[in-house]
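Q: I have a structure I would like to understand better, so I am pasting it below and will then ask my questions one at a time.
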Amino acid sequence: MANFVCQICGRGFKSYNENAKYCSQSCKGTAYIKYELKKCEQCGKKYKPRKADSKYCSLDCSNKGRKNRKGTYRVDLDEEIPSG
């Protein structure tokens, strides 16, 4: 059994496979995501997205981004909408 360093997270691990690159299935999955690096719309940091339509690098940035959106989506059903 040989010692290796994960190419994704940098953590050390042991494996019988002499070609091992990743410490876990999670790191292996991250390595094989085909999407290009994106720039986070909240903090500007570059990140590797998990989905093609992602906008934020983390849950924290996503929450901040939602709070900072302009406009409201809530509609008061008792209020009359002016026709114009």
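Each value in this text was obtained by applying a stated rule to the coordinates, not by laboratory testing. Computed from a predicted model, the values in this text were never measured in an experiment. In this analysis, Cβ positions are derived from the backbone assuming ideal geometry, glycine residues included, and neighbour counts consider all displayed protein chains.
Q: Which value in nm describes the separation of the simple spin-label points at Glu36 and Asp53, placed 7 Å from the Cα toward the beta carbon?
A: Placing both labels 7 Å beyond Cα along the Cβ direction yields 2.0 nm.
Q: Taking amide H positions as placed 1.01 Å from N in the peptide plane, with prolines and chain starts having none, which residues 5 or more places from Ser24, or on another chain, fall under 5 Å of its amide H?
A: none
Q: How far apart, in nm, are two points set 7 Å out from the Cα along the Cα-to-Cβ line at Cys9 and at Asp60?
A: About 1.8 nm separates the two model spin labels.
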